[in-house]
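Everything on this sheet refers to the single structure shown next.
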Amino acid sequence: MSHQSTIKRITAPEIAARKGGEPVVVLTSYHAQSAALVDPHVDVLMVGDSLGMVMHGLDTTVPVPLDLMIAHAQAVVRGSERALVVVDMPFGSYEESPAVAFRNASRIMKETGCGAVKLEGGVQMAETIAFLTARGIPVMAHIGMTPQAVNQLGGFTARGRRQAEWARFEQDAQAVAAAGAFAVVIEAVAEGLAARITQDVPIPTIGIGASPECDGQVLVLEDMLGLSPRVPKFVKEYAELRTAVEDAVKAYARDVRGRAFPAEEHTYSTLEEVPEALKKFKMSVS
């Protein structure tokens, strides 16, 4: 019989109910160890396809395959017990048709045990979001700067910096909300635009490079810990772990080369093969 945690996971409807309430705290997580550390302090763990860039050295998220997302999501679910785990659907796994999206989304849900999926796109993805949500798959939407469209957009640049452009993003937000998304990520848009969308849509907005008025915020864990060599403008680094890690590795290398590590307390002494008293006992009974 498998062990069942007594802690109840946060659900997508519970996040949806936070509209206009206590801000929703979201961080990315890509493996069990980070999930266990972050889980007690956040509402949502996002298994973002940003793992392709952060963990696998890719230039964009476009090459990330579905199997890789599933493997990382399985680890995050194993390492956490409280937060809602939301898994990104990678590029090419949902755009073709609602049916293809359902096939891949249901596979993610079944194989990982996550609580929701996330996909990029606004008006053009509304039909797919409606198809998934009508069939039992909670969907978090993602509008604004959509990283999977980097080749079409020409780079990772902020969107909606001119008010003349705002209408299309507002339409995107309204479309995904009407389609049944339980929340929407708004990435790298003008602050005023994100604030207006937050006021106008009935579902929580999760900002990343958006507005403090959003219903929640998300950052890439490695970015906010100061582990990434370069971070976007919207990142606040809450630690400088890159320097700490480098210093620790330098110290380790120095100790190994100087034969200062391992010291006596890090090694094992030889055990007596047979204690002397036991030898005498064996001889007396033989």
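Just give me the residues in the stretch 77-92 being under 18 Å from the mean Cα position of the chain (by Cα) and either small (Gly, Ala, Ser) or over 14 Å from VAL47 (Cβ atoms) (or both), in sequence order. Scanning the stretch 77-92 gives GLY79, SER80, GLU81, ARG82, ALA83, PHE91. Considering the stretch 133-164, and only residues there that are among the aliphatic types (A, V, I, L, M) and open to solvent by 20 Å² or more (accessible area, probe 1.4 Å), the residue that is farthest from ASP59 (Cα to Cα) turns out to be ALA134. The one condition from (1) in contact with a Cys (Cβ under 8 Å, 6 or more places away or on another chain); (2) within 29 Å of ARG242 (Cβ to Cβ) that ILE108 does not meet is (2).
Checking ASP59, ASP49 one by one, the residue that is among the charged types (D, E, K, R) and out of contact with any Phe, Trp or Tyr (no Cβ under 8 Å at 6 or more places or on another chain) is ASP59 and no other.
Take the residues in the stretch 208-245 that are buried (at least 20 other Cβ atoms within 10 Å of the Cβ), touching a helix residue (DSSP H, G or I) at 6+ places or on another chain (Cβ under 7 Å) and among the hydrophobic types (A, V, I, L, M, F, W, C); name whichever of them is farthest from ALA141 (Cα to Cα). Among those that are buried (at least 20 other Cβ atoms within 10 Å of the Cβ), touching a helix residue (DSSP H, G or I) at 6+ places or on another chain (Cβ under 7 Å) and among the hydrophobic types (A, V, I, L, M, F, W, C), it is LEU221.
With respect to the conditions (1) within 18 Å of TYR94 (Cβ to Cβ); (2) at pLDDT below 95; (3) not in a helix (DSSP H, G or I), VAL150 falls short on a single one, namely (3). What is the one condition in (1) in contact (Cβ under 8 Å) with a residue 40 or more places away in the chain; (2) buried (at least 23 other Cβ atoms within 10 Å of the Cβ) that THR205 does not satisfy? All conditions pass for THR205, except number (1). Residue check: ALA71 meets all listed conditions (1) under 14 Å from the mean Cα position of the chain (by Cα); (2) touching a residue at least 12 places away in the same chain (Cβ under 8 Å) but one, namely (2). When restricted to residues that are over 18 Å from MET125 (Cα atoms) and among the hydrophobic types (A, V, I, L, M, F, W, C), the stretch 177-196 contains 6. Can you spot a residue in the stretch 69-85 that is part of a strand (DSSP E or B) and either open to solvent by less than 20 Å² (accessible area, probe 1.4 Å) or closer than 30 Å to ALA167 by Cβ (or both)? Looking for residues that are part of a strand (DSSP E or B) and either open to solvent by less than 20 Å² (accessible area, probe 1.4 Å) or closer than 30 Å to ALA167 by Cβ (or both), one finds at least one in the stretch 69-85, hence yes. Residues of the stretch 180-200 that are surrounded by fewer than 24 Cβ atoms within 10 Å (Cβ to Cβ), in a loop (DSSP other than H, G, I, E, B) and aliphatic (A, V, I, L, M): ALA188, ALA190. Within the option set ALA105, ALA167, ALA116, being open to solvent by less than 60 Å² (accessible area, probe 1.4 Å), touching a residue at least 40 places away in the same chain (Cβ under 8 Å) and not basic (Lys, Arg) holds for one residue only, ALA116. What are the pairs, 6+ residues apart or on separate chains, where a residue within the stretch 230-247 that is touching a residue at least 60 places away in the same chain (Cβ under 8 Å) has its Cβ under 9 Å from a residue that is acidic (Asp, Glu) and in a helix (DSSP H, G or I)? Close Cβ pairs satisfying both conditions: PRO232/ASP223. In the set GLY115, GLY144, only one residue is in contact with a strand residue (DSSP E or B) (Cβ under 7 Å, 6 or more places away or on another chain) and at positive phi; that residue is GLY144. Applying the criterion of being within 36 Å of the chain's Cα centre (by Cα) and of a type in the set (S, T, N, Q) to the residues of the stretch 224-283, the residue that is modelled with the lowest pLDDT is SER228. Once the stretch 14-28 is narrowed to residues that are in contact with a Pro (Cβ under 8 Å, 6 or more places away or on another chain) and part of a helix (DSSP H, G or I), the residue that is least open to solvent (accessible area, probe 1.4 Å) is ILE15.
The values are calculated or read from the model by the stated rules, or taken from the named source; none is laboratory data. Note that the structure is a prediction, hence the values are computed from the model and not measured. For neighbour counting, all protein chains shown are included, and Cβ atoms are generated from backbone atoms with ideal geometry for every residue, glycine included. SASA here: full protein model, heavy atoms, side chains in, ligands and nucleic acids out. Shrake-Rupley method; radii C 1.70, N 1.55, O 1.52, S 1.80 Å.
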